[in-house]
Amino acid sequence: MEAEKQLKQWIEESSNIVFFGGAGVSTESGIPDFRSQDGLYHQQYDYPPEQILSHTFYMKNPEEFYRFYRNKMLAPGAKPNKAHLALAKLEREGRLKAVITQNIDGLHQAAGSREVLELHGSVHRNHCLRCGKFYGLEAIENSSGIPRCSCGGMIKPDVVLYEEGLDMDVLNRAVGYISRADLLIVGGTSLTVYPAAGLIDYYRGHKLVLINRDATALDSRADLVISGKIGEVLGEACGL
Ligand code: APR
């Protein structure tokens, strides 16, 4: 059976779908990913982007961090694409239990998804390092240089930087959803960053679908591999 038809059939048969995704889910919304040829990590900067997006760099060079972060990590005006909309539709139909994402752009929630586990945090959540006060994205967008709290402390995005740990509660909930999933759809991720990529090992079913433009380390373990644009593939499979 053609792969796309098999995906459509598995989706129609399942009431316990879990999605695990990465930056490739948002490229059709105009947000570049990291490791594709045109991705963020292939562009030239004074420092390697992975170094800028680290805890050490953030503490030592906050001005440079925020310059990169405002310029490259915020996507004002980005809208959900068919991949986000298809997953929200599956959740409304009671088929999909959770979206687990490595993305920080909030586009799954903007598309209407309700159970979204953000393994690497979100640009929409920011806190003062001194008093803990919460700030939304506008506190970063509508400021320049180092964003400051009313108490004078530095406002830090709730985004997991390199060298920082993931939220254990989110990670444990993600393990729970994946270990119970009937159909696990993985898409738009190179599966190269841990512990996120290691979550796939908790899947115990036999319907592991991988939708990705480029090959990944998981291809040989997937029950179905579809090479293509995830917005188009999921949109088609979910009748969008
Ligand atoms: N459709 C399908 N696949 C796509 C599309 C698309 N429209 N666009 C890109 N891809 C694929 C690319 O082929 C690539 O394999 O998505 C994958 C994106 O991989 P990465 O750029 O490595 O992004 P991701 O896997 O999310 O990175 C994980 O790395 O830097 C950290 O914290 C950051 O969350 C990020 C983590």
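All of the numbers you see were taken from the coordinates with simple rules; none came from a lab. Fair warning: this is a prediction, and the values are worked out from it, not measured in the lab. With ideal geometry, Cβ positions are generated from the backbone for all residues, glycine too; neighbour counts draw on all protein chains shown.
Does anything in region 65-85 have its amide N under 14 Å from the 7 Å Cα→Cβ label point of GLU163, and if so which residues?
Zone members listed by number: 65.
How high is the relative contact order of region 127-222? Use alpha-carbon pairs under 8 Å, at least six apart in sequence, and give a whole percent.
Normalised by residue count, the contact order of region 127-222 is 21 percent.
Take a quick pass over the chain and tell me how many lysine pairs come in under 21 angstrom between Cα atoms, counting only ones 8 or more apart or on separate chains.
The number of close lysine pairs in the chain is 22.
Please work out the C-alpha center-to-center distance from region 181-226 to region 104-149 and express it in whole Å.
Centre-to-centre distance over Cα atoms comes out at 28 Å.
Taking the Cα atoms only, what angle lies between the long axis of helix 168-180 and the longest principal axis of the chain, rounded to 10 degrees?
Taking Cα atoms only, the helix is inclined about 10 degrees.
Let me know the longest stretch in the chain that avoids all trypsin sites (Lys or Arg not before Pro) found in a DSSP loop with at most 13 other C-beta atoms within 10 Å.
1-113
For the chain, what relative contact order do you get, as a whole percent, if you take Cα pairs closer than 8 Å and at least 6 residues apart?
After rounding, I find 25 percent.
State the antiparallel share, in %, of DSSP beta bridges confined to the chain, rounding to the nearest 5.
In the chain, DSSP labels about 25 percent of beta bridges as antiparallel.
Cut-off 10 angstrom, C-alpha nodes, Gaussian network model of the chain. Which of ALA217, ALA174, ALA111 fluctuates the most?
ALA217
Taking 7 Å along the Cα-to-C-beta vector as the label spot, tell me the SER220-MET1 distance in nanometres, rounded to one decimal.
Modelled inter-label distance: 2.7 nm.
Given the DSSP H assignment, sum -39500 (n - 2.57) over each helix run of at least 4 residues in the chain and divide by its residue total; what's the result at 222 nm in deg cm²/dmol, nearest 500? Mind dumping the intermediate values first?
Values: 9 runs with 68 residues, N = 240.
Helices in the chain give a 222 nm mean residue ellipticity of -7500 deg cm²/dmol.
Gaussian network model of the chain, Cα springs within a sub-10 Å range: biggest mean-square fluctuation belongs to which of ALA83, ALA181, ALA139?
ALA139
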